[in-house]
1. Leu198 - would you say it is touching a residue at least 60 places away in the same chain (Cβ under 8 Å) and within 18 Å of the chain's Cα centre (by Cα)?
2. Among the residues of the stretch 23-41, are any in contact with a Gly (Cβ under 8 Å, 6 or more places away or on another chain), open to solvent by less than 60 Å² (accessible area, probe 1.4 Å) and part of a helix (DSSP H, G or I)?
3. Report, by residue number, each residue of the stretch 195-214 that is under 18 Å from Asp181 (Cβ atoms) and in contact with a Phe, Trp or Tyr (Cβ under 8 Å, 6 or more places away or on another chain).
4. When you scan the stretch 43-87, how many residues do you find that are of a type outside the set (Gly, Ala, Ser), assigned to a loop (DSSP other than H, G, I, E, B) and either open to solvent by 40 Å² or more (accessible area, probe 1.4 Å) or out of contact with any helix residue (DSSP H, G or I) (no Cβ under 9 Å at 6 or more places or on another chain) (or both)?
5. Could we say that Phe104 is assigned to a strand (DSSP E or B), under 25 Å from Tyr211 (Cα atoms) and not acidic (Asp, Glu) here?
6. Which residues, taken from the stretch 118-135, are within 17 Å of Gly87 (Cα to Cα), more than 16 Å from the chain's Cα centre (by Cα) and open to solvent by less than 80 Å² (accessible area, probe 1.4 Å)?
7. Output the residues belonging to the stretch 202-217 that are in a helix (DSSP H, G or I) and aromatic (Phe, Trp, Tyr).
8. Please go through (1) within 22 Å of Glu209 (Cα to Cα); (2) hydroxyl-bearing (Ser, Thr, Tyr); (3) open to solvent by less than 30 Å² (accessible area, probe 1.4 Å) for Tyr146 and return the number of the only condition it doesn't satisfy.
Amino acid sequence: MILPYMPEQDIQDSAELITAYFPDLTPAQKAQFAALAELYHFWNQRINVISRKDIHALYERHVLHSLSIGLCYRFQPGQQVVDIGTGGGFPGIPLAILFPETQFILIDSVGKKIRVVQDIIYQLKLVHVEAWQQRAEKLPAACCDYAVSRAVAPLPVLWQWARHILKAGKENGLICLKGGDLSAEIRDCGCQPVIHALYPLLQRDYFQEKYLLFVPV
């Protein structure tokens, strides 16, 4: 799906940016996305969960970037998705708002970040989401349908973490957001990911040279 070009000056960094790309959101989902700005600005003054240089572009560089997964893949009700190295809750929290009938587990090894994520989950009333201080390699085998990740580790490492937690199934796999030249990572991984360039989907300068990779089980 290629969306119409939306010049950056036409839509400022706000929840309106999300509704422009996802026009079928319910009122509850719109309210949850709108609430993210206050929640992240509150927590970022206390714990640096988002880069100081990026907090002004929360919706473009974090929320919309996370939701690019939802432009390419549709999670189904009852499926289980694990967000590896969620950090401040990306891509897991935006995806959980977009897919309210899918089960999400957000994991990170840093306890203070997980506490922030747990509070945001509570404030947004995301009852289908859990956040754990945990490493991916410690999760049970075959516990999820998809693993998602955003700028956490090189692809060979991510695939090593993800492959044992994924259930068998032709549509299951690892979905990760990355940028730049990925040829060495793909070569070293020994896998053949499906690669989606994000700029044709999200024609804003930030998404040039940004990619979504899907590695099937």
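The values are calculated or read from the model by the stated rules, or taken from the named source; none is laboratory data. Computed from a prediction, not measured in an experiment: that's the story for all the values here. FYI the Cβ positions are ideal-geometry reconstructions off the backbone, even for glycines, and counts take in every protein chain you see. To get the accessible areas, we keep the full protein, side chains included, count just its heavy atoms, and leave off ligands, DNA and RNA. Shrake-Rupley method; radii C 1.70, N 1.55, O 1.52, S 1.80 Å.
1. So Leu198 fits the description; yes.
2. Taking every residue of the stretch 23-41 in turn, at least one turns out to be in contact with a Gly (Cβ under 8 Å, 6 or more places away or on another chain), open to solvent by less than 60 Å² (accessible area, probe 1.4 Å) and part of a helix (DSSP H, G or I).
3. Ile195, His196, Ala197, Leu198, Tyr199, Phe207, Gln208, Glu209, Lys210
4. 10
5. Criteria met by Phe104.
6. Listed by number, the residues that qualify are Asp119, Gln134.
7. If the condition is that a residue be in a helix (DSSP H, G or I) and aromatic (Phe, Trp, Tyr), then Tyr206, Phe207 are the ones that fit.
8. (1)
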